[in-house]
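The values are calculated or read from the model by the stated rules, or taken from the named source; none is laboratory data. If you're wondering where the values come from, they're calculated on a predicted model, not measured in any experiment. Counting neighbours? That spans all protein chains shown, and the Cβs are built from the backbone with ideal geometry, glycine included. Surface accessibility is based on the protein's heavy atoms, side chains included, excluding ligands, DNA and RNA. Shrake-Rupley method; radii C 1.70, N 1.55, O 1.52, S 1.80 Å.
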Amino acid sequence: MLIFILKRVAGMIPAMFAISILAFTVIQLPPGDYVSTYAAQIAQTGEAVDSAVLANLRERYGLGENVAVQYFKWIGGIARGDFGQSFEWNQPVTELVWGRMGMTALISFLTLITMWAVSLPIGIISAVRQYSVIDYLTTTFAFLATAVPEFLVAIVLLYISTMWFGVSVGGLFSPAFENAPFSLAKVLDFLQHAWIPILVIGLGSTAALTRIMRANLLDELHKPYVEAARAKGLPEGRLVLTYPVRVALNPFISTIGWVLPALISGELIVSTVLNLPTAGPLLLQALKSQDMYLAGAFILLTGGLVLIGTLISDILLAISDPRIRLS
């Protein structure tokens, strides 16, 4: 098992290098740079733009150098733990990124756990009771949850919580707990605010996972080994959970590789609507202002989270099915 994990981790290194090239290419694609965007903003206010100041800014941030030189300076700094300086915030990128990425990872993890806790039992019940009322209700929910945009659900839930219950749930903490030290009261306040983003971000993926689990289990329930176990007199509940569910879990587990990036991309829109202190709004602002080091750091770390999700998926698959370790 250790050799299996080491092989997967070794495969992540070239993938991370490729992601870094892609991230740097993406932030270089828009015409101009941060200095030209900054100059345009000053010109819109009616003030004079000093060309000497702009030249000094380009020299300070190395924006006048070759793109390849800029990339190797950037990736070399990251290798030393230095993600560069944010142009707009005039702060080290590391200080801006870690708090936001920490919240993004926490929300994504809680959403993933909630999705599994809901979709797994519902998918099993829907498959075991095929064409029942529960199955039809589950199918209807899955189609509706997949079709409705996440930001619309967020707006509706905000309206309901504010107008019906008088509770404002924008952000992840109440103003009194925003900068308060860690405590049980702060955790409870976080949970009071976090349920809406968790519900909104995970809604579509929960519906998709429910359908995947139902389809996988239906494929297994009528196979000969299940009929043989049933003929031996095994109780139906024990039979289903011991054999077909375990086999049906493999494709379900492998979805972590695409569920995690889907959660992160969905978080960007929802966090903007709900005013969450996560990576989404800051990444959007960095892309708009062409703050290349800040945007590049977020894209790179998001790619890293995708690779971590894939690694977790591989490890869980190897635990669930030992044959995978040998392949």
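Heavy atoms only, probe 1.4 angstrom, no DNA, RNA or ligands counted: give me K288, K73, K223 ranked by accessible area, highest first. All intermediate terms of the calculation are to be shown ahead of the outcome.
Numbers: K288 140, K73 120, K223 80 Å².
Order by accessible area, largest first: K288, K73, K223.
Positive end of the charge dipole of the chain (Lys, Arg +1 and Asp, Glu -1 on Cβ, about the Cα centre): tell me which of S174, G202, L96 has its Cα farthest that way.
Of the candidates, G202 comes out farthest on the positive side.
With a Förster radius of 56 Å, plug the Cβ-Cβ distance of I113 and A43 into 1/(1 + (r/R0)^6) and report the FRET value to the nearest 0.05.
On the way: r = 49 Å, r/R0 = 0.88.
After rounding, the FRET efficiency stands at 0.70.
Extending each Cα 7 Å along its Cβ direction at L2 and L152, get the distance between those two points in nm, one decimal.
Taking the two extended label points, one gets 5.3 nm.
Can you tell me which aspartates and glutamates have their Cα less than 19 Å from the Cα of K7? Leave out same-chain residues fewer than eight positions away.
D314, D321
Please report, in whole Å, how far the alpha carbons of the range 150-210 spread along each principal axis, starting with the longest.
Taking max minus min along each principal axis of the Cα atoms, the range 150-210 gives 38, 27, 15 Å.
Considering the options Q192, L249, S20, tell which one lies farthest towards the positive end of the dipole of the chain, charges being +1 on Lys and Arg and -1 on Asp and Glu at the Cβ, about the Cα centre.
The residue sitting most towards the positive pole is L249.
Considering the options I124, L239, L307, tell which one lies farthest towards the positive end of the dipole of the chain, charges being +1 on Lys and Arg and -1 on Asp and Glu at the Cβ, about the Cα centre.
L239
Expressed as a fraction of 2.2 N^0.38 Å, the rule-of-thumb size for a compact globular protein of N residues, what is the C-alpha radius of gyration of the range 167-292? The partial results should precede the final answer.
Numbers: Rg = 21.5 Å, N = 126, 2.2 N^0.38 = 13.8 Å.
Here the answer is 1.56, to two decimals.
What value, in deg cm²/dmol to 500, does the helix sum -39500 (n - 2.57) over DSSP H runs of n ≥ 4 give at 222 nm once divided by the residues of the chain? It would help to have the intermediate numbers written out before the result.
Numbers: 15 runs with 250 residues, N = 327.
Result for the chain, helices only: -25500 deg cm²/dmol.
Could you give the dipole magnitude of the chain about its Cα centre, charging the beta-carbon of Lys and Arg +1 and that of Asp and Glu -1, in debye to the nearest 20?
Value, rounded to 20: 1260 debye.
Would the range 102-144 count as rounded, prolate or oblate if I go by the C-alpha gyration tensor, calling it rounded below 1.5 in a/c and otherwise prolate when a/b exceeds b/c, oblate otherwise?
On the way: a/c = 6.08, a/b = 2.58, b/c = 2.35.
Prolate, since a/c reaches 1.5 and a/b exceeds b/c.
For K73, which aspartates and glutamates qualify as cross-link partners when the Cα separation must be under 18 Å and same-chain residues fewer than eight apart are set aside?
D33, E59, E65, D82, D291
If the reach is capped at under 21 angstrom between alpha carbons, list the lysines near K223, excluding any in the same chain fewer than eight residues apart.
K232
On a C-alpha basis, how far is the centre of the range 173-231 from the centre of the range 91-124 in Å? Whole number, if you could?
What the calculation gives is 11 Å, centre to centre.
Using the beta-carbon distance between Y131 and I75 and R0 = 45 Å, what value does 1/(1 + (r/R0)^6) give for FRET efficiency, to the nearest 0.05? Let's see the in-between values first.
Numbers: r = 55 Å, r/R0 = 1.23.
So the FRET efficiency works out to roughly 0.20.
Hey, if you drop one equal point scatterer on each alpha-carbon of the chain and run the Debye formula without solvent, what base-10 log of I(q)/I(0) do you get at q = 0.09, 0.13 Å⁻¹?
Debye intensities relative to I(0), on a log10 scale: -0.63, -1.10.
To the nearest 0.05, what FRET efficiency results for E178 and I324 with a Förster distance of 51 Å applied to their C-beta separation? Could you put the intermediate results ahead of the total?
Working: r = 45 Å, r/R0 = 0.88.
That gives a FRET efficiency of 0.70.
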